[in-house]
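A.B. asks: Mind having a look at this structure? Questions to follow.
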Amino acid sequence: MELNQLQQAYQKLLSELRHFRGSNGEWAGQLSSSALATATAVSALSFYVNSQTQPRTAAANSDSRHRVEKAREQIQRGIESLSQSQNDDGGWGDTAASYSNISTTLLAIAAFHTVGLAQDYSGVLAKADSCFREMGGIDGIRRRYGVDRTFSVPILANAAMAGLVPWREVSALPFEATLVPQKFYHLMQLPVVSYAIPALVAIGQVKFVKDPPLNPLSRILRRAAIGPSLRLLEKMQPSSGGFLEAVPLTSFVTMGLINAEQHSSPVIERGVDFLLASMRDDGTWPIDTNLATWNTTLTINALANNWTKDFSDSEWLQTLKWLLSCQHNTRHPFTNAAPGGWGWTDLSGAVPDSDDTPGAILALSHLRQQMVLEPQTNSMVEAAAERGVKWLLGIQNRDGGWPTFCCGWGRLPFDRSGSDITAHVIRGLLAWRGVENAKSIDRAVEAGFRFLAKRQRADGSWLPLWFGNQDQPDDENPCYGTAKVLLAYIAANRLDTKAAGNGLNWIRENQHATGGWGGGPSIRRLIPALGCGSLEETALCVETLALADRPVDRPAIDAGGDWLIQAIKAQEYRTSRPIGFYFAKLWYDEKHYPLVFGLSAVGRLIARASRTDVKNKIVNGAWTPNK
């Protein structure tokens, strides 16, 4: 692994990165197309078309006809894309590179039935039905999600709306609980996670209409809650119409309200408009519009490992102003989150969270160090970072860790404190540890490290919350989790701790013989030297080991660097892998990840190699410091 090879690889990635920079200085990336999102969108649009038989006014006639015509076109294209994306085993996966799973398979089956094309695609459905039964059928859906009904109930409700399962198989959701003020939701032990309140309302209402409870008091209470809960739903819906900018969630809400006969609700038309605007040219839908804020901060923080002049100060200033504009400065109607946080996108459906907020304040810190800012701009940056720090301090859980969206929702998996998120928050807080907030940050960081120590597994690894590996047991991704947690130990100068040592040893000991990390049988390569490792996971592990730079890890660092150089030469950064979890373990891949993860790791290796080169020149008497 030579310095000039690293520099060539870096410039290759940097050139690609410049190509994807947006007009506002952002990097929007590109999420994978999703069979699950496509299936739910097709179903929702089909229910909408079938409901539009008696528009209420002349204006409604015109608007409705336009929507219906566009929806019919998209439904046909969506169905065709589903028929073409079916896996050989008869099922569907979340991405083109994903194994079939029971949830996506059932939702795809439901889409064909909802549209009324089951006969036309009988061969497709015969294979799909067989696959669904082999994966466990309805009971398999319940087993997959356990006590968390965030996704299992909407999936079964979609199937019931399509006439595939009886309504008695769909659990009731307590939509009447939304009458309680939002700040008390976490005390109610709701069966869904914090970000699923819209589904709780819409799916809860359609279950009530289609299969009302036998208890007369329950019927009275729930009927009385319909109007207030619908008004809450209207308040929570963003201007884009897409709840969380998420196609599946918006689809479930839209089809639920239509089948609950709430045709006058403006939520339906806004949701339909969002779905119509979200379809791609190939007839598919992504799970979310984009991860622009997340991808932009990843890019800034990656480039900080090896700042170059390929982007001018004026370009960085544009990016800085864009990032500042993404901060949420009012209380959020969706989660009741306080002002000060950042979400994953600049679009209206974003919700502030504990992974994007530390990413943003780390990026602000790096940009401020890179540029000479005018006093007014510098004050804006400091004020934004201070609001972000305050937001993070206010959302820490009692266990010392940080959840994604809401403090105190600790019962269900995607609301609990996460190791990767906690480590990211610690790094963000340490970057802005000033005189005024030093004591508060120190207390929060100490509690965070206690949480991380408890969450470390016996083998030295940590598991992340929002990332996985479909080739690992239980879809776990210890490469991602361990690397991300160790970055916090390094930032806090805690490499001498037993936890950090065990974690670094785990990374070194789990390197493939070819030099890479992660991946598995689902990654098929024509380059034998690369083996089954993924660029995303290899880059994360190499960067972490290189930053720690222990003598015992140096052979692994060199082998990993050589692997990355070969992968970049082979343009592996243009092939993203399903590594990310969306809500409820819905897989996605992101076009930006291999590019920016690779850039970050190679930048770190260049910095490390440059230090070594300078040391060697000093020893040999061939280096003179700049005057």
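A.B. asks: Which ones in the range 117-129 are surrounded by 13 or more Cβ atoms within 10 Å (Cβ to Cβ) and hydroxyl-bearing (Ser, Thr, Tyr)?
C.D. replies: 121
A.B. asks: Taking the range 103-149 only, how many residues are among the charged types (D, E, K, R) and within 16 Å of residue 81 (Cβ to Cβ)?
C.D. replies: 1
A.B. asks: How many residues are open to solvent by 10 Å² or more (accessible area, probe 1.4 Å), of a type outside the set (Asp, Glu) and not in a helix (DSSP H, G or I) when one looks only at the range 351-378?
C.D. replies: Qualifying residue count, the range 351-378: 3.
A.B. asks: A follow-up question, please. Any residue at all in the range 161-168 that is in a helix (DSSP H, G or I), closer than 21 Å to residue 243 by Cβ and at pLDDT 95 or above?
C.D. replies: Yes, the range 161-168 has at least one match.
A.B. asks: Are there helices (runs of 4 or more DSSP H) fully within the range 473-577 with at least 1 residues that are in contact with a strand residue (DSSP E or B) (Cβ under 8 Å, 6 or more places away or on another chain) and buried (at least 17 other Cβ atoms within 10 Å of the Cβ)? List them.
C.D. replies: 478-491
A.B. asks: If you don't mind, another one. Of all residues in the range 136-151 being under 22 Å from residue 38 (Cα atoms), crowded, with 20+ Cβ neighbours inside 10 Å and in contact (Cβ under 8 Å) with a residue 40 or more places away in the chain, which is farthest from the chain's Cα centre (by Cα)?
C.D. replies: 149
A.B. asks: Considering only residues that are within 23 Å of residue 476 (Cα to Cα), in a loop (DSSP other than H, G, I, E, B), open to solvent by 20 Å² or more (accessible area, probe 1.4 Å) and in contact (Cβ under 8 Å) with a residue 60 or more places away in the chain, which ones fall in the range 411-448?
C.D. replies: 411
A.B. asks: Turning to a different aspect of this structure: Does residue 110 satisfy the condition of being surrounded by 18 or more Cβ atoms within 10 Å (Cβ to Cβ), over 22 Å from the mean Cα position of the chain (by Cα) and assigned to a helix (DSSP H, G or I)?
C.D. replies: yes
A.B. asks: Based on what the data block shows, is residue 294 touching a residue at least 40 places away in the same chain (Cβ under 8 Å) and open to solvent by 10 Å² or more (accessible area, probe 1.4 Å)?
C.D. replies: For residue 294, the condition - touching a residue at least 40 places away in the same chain (Cβ under 8 Å) and open to solvent by 10 Å² or more (accessible area, probe 1.4 Å) - is met.
A.B. asks: Next question, about the same structure. Say whether the condition of being β-branched (Val, Ile, Thr), over 17 Å from the mean Cα position of the chain (by Cα) and either over 22 Å from residue 603 (Cβ atoms) or part of a helix (DSSP H, G or I) (or both) is met by at least one residue in the range 280-289.
C.D. replies: Taking every residue of the range 280-289 in turn, at least one turns out to be β-branched (Val, Ile, Thr), over 17 Å from the mean Cα position of the chain (by Cα) and either over 22 Å from residue 603 (Cβ atoms) or part of a helix (DSSP H, G or I) (or both).
A.B. asks: Further question on the same structure: Is it the case that the range 37-45 has a residue that's open to solvent by less than 30 Å² (accessible area, probe 1.4 Å) and closer than 19 Å to residue 591 by Cβ?
C.D. replies: Yes, that holds for at least one residue.
A.B. asks: Considering only the range 63-96, state which residues are of a type outside the set (Lys, Arg) and under 14 Å from residue 49 (Cα atoms).
C.D. replies: Scanning the range 63-96 gives 63, 64, 66, 68, 69, 71, 73, 74, 75, 76.
A.B. asks: For the range 84-105, indicate whether the set of residues that are open to solvent by 60 Å² or more (accessible area, probe 1.4 Å) and among the acidic types (Asp, Glu) is non-empty.
C.D. replies: yes
A.B. asks: May I pose another question? Could you tell me whether residue 270 is on the phi < 0 side of the Ramachandran plot, in a helix (DSSP H, G or I), free of Cβ contacts under 8 Å to residues at least 12 places away in the same chain and open to solvent by 20 Å² or more (accessible area, probe 1.4 Å)?
C.D. replies: Answer is no for this residue.
A.B. asks: With respect to residue 321, determine if the residue is of a type in the set (Lys, Arg) and within 17 Å of residue 24 (Cα to Cα).
C.D. replies: yes
A.B. asks: Using the structure shown, decide if residue 253 is part of a helix (DSSP H, G or I), free of Cβ contacts under 8 Å to residues at least 60 places away in the same chain and of a type in the set (Val, Ile, Thr).
C.D. replies: Taking the combined requirement at face value, the residue satisfies it.
A.B. asks: State yes or no: is residue 302 under 22 Å from the mean Cα position of the chain (by Cα) and surrounded by fewer than 21 Cβ atoms within 10 Å (Cβ to Cβ)?
C.D. replies: Answer is no for this residue.
Conditions (1) of a type in the set (A, V, I, L, M); (2) open to solvent by 40 Å² or more (accessible area, probe 1.4 Å), marked per residue:
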position	(1), (2)
205	no, no
208	no, no
212	no, yes
216	no, yes
228	no, yes
232	yes, no
237	no, no
244	yes, no
247	yes, no
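A.B. asks: Another question, then. Test each condition in (1) touching a Pro at 6+ places or on another chain (Cβ under 8 Å); (2) open to solvent by 40 Å² or more (accessible area, probe 1.4 Å); (3) closer than 28 Å to residue 461 by Cβ for residue 348 and report the one that comes out false.
C.D. replies: Status for residue 348: all satisfied but (3).
The values are calculated or read from the model by the stated rules, or taken from the named source; none is laboratory data. All figures in this text were calculated on a predicted structure; none of them were measured in a lab. Don't worry about glycine lacking a Cβ; one is built from the backbone with ideal geometry, like all the others, and counts go over all protein chains shown. For accessibility, only protein heavy atoms count, side chains too; no ligands or nucleic acids. Shrake-Rupley method; radii C 1.70, N 1.55, O 1.52, S 1.80 Å.
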